[in-house]
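J.: Questions regarding the structure given below will be posed in turn.
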Amino acid sequence: QVQLVESGGGLVQVGGSLRLSCVVSGRTLSTHAVAWFRQAPGKEREFVAGTPSRGSTDYADSVKGRFSVSRDNTKNTVYLQMNSLKTEDTAVYYCALRYYSFSYYRSDYNYWGQGTQVTVSS
């Protein structure tokens with residue numbers, strides 16, 4: 001059974017940093033792509049960042065220069081480093097898994113974690 005578990009969310013002030021983790025079990029991470037999505041209250045889930053099995057990462061315009069996604073295939077873990085956080089970043093953050101290449105679209109991902117809450121206060 002495939003399982004994704006996010007962690008690392010919490011409450012942080014504007015300008016602060018958090019690092020989210022996504023641990024994948026049931027699949028070999030090195031042959032799969034992982035993306036981060038987020039969903040704020042009253043809004044649809046949106047793409048944040050993604051990493052293919054190999055190659056360049058990609059980011060939503062709203063987080064470029066502030067967020068960084070990375071992976072450790074030996075630990076089957078993907079990370080999302082979030083710096084210079086804004087109140088607009090407040091959302092539940094999810095990681096999602098699909099084979100090889102990342103996608104911008106929610107419907108392309110086969111497996112999802114349960115999410116971790118990030119709250120940015122001023």
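The values are calculated or read from the model by the stated rules, or taken from the named source; none is laboratory data. Values in this document were obtained by computation on a predicted structure and should not be read as measured data. Backbone-built Cβ (ideal geometry, glycine too); neighbour counts: all protein chains shown. Calculation scope for accessible area: heavy atoms of the full protein, side chains included, ligands and nucleic acids excluded. Shrake-Rupley method; radii C 1.70, N 1.55, O 1.52, S 1.80 Å.
J.: Give the long-range amide H neighbours of Phe67: residues separated by 5 or more places, or on another chain, with amide H under 5 Å away, using H modelled in the peptide plane at 1.01 Å from N.
T.: Those qualifying (amide H under 5 Å, at least 5 residues apart or on another chain) are Asn83.
J.: I need the GluC sites (Glu not before Pro) found in segment 19-114, filtered to DSSP loop residues with at most 10 other beta carbons within 10 Å of theirs.
T.: Those that pass, being in a loop and sparsely packed, are Glu44.
J.: What is the percent carbon and sulfur in the accessible area of the chain, measuring with a 1.4 Å probe over the protein chains and ignoring ligands? Don't skip to the answer; put the middle values down first.
T.: Values: 2840 of 6410 Å².
C and S atoms contribute 44 percent here.
J.: Turning to a different aspect of this structure: Using a cut-off of under 15 Å, list every residue of segment 36-74 whose amide N is near the label point 7 Å from the Cα of Val23 along the Cα-to-beta-carbon line.
T.: 72-74
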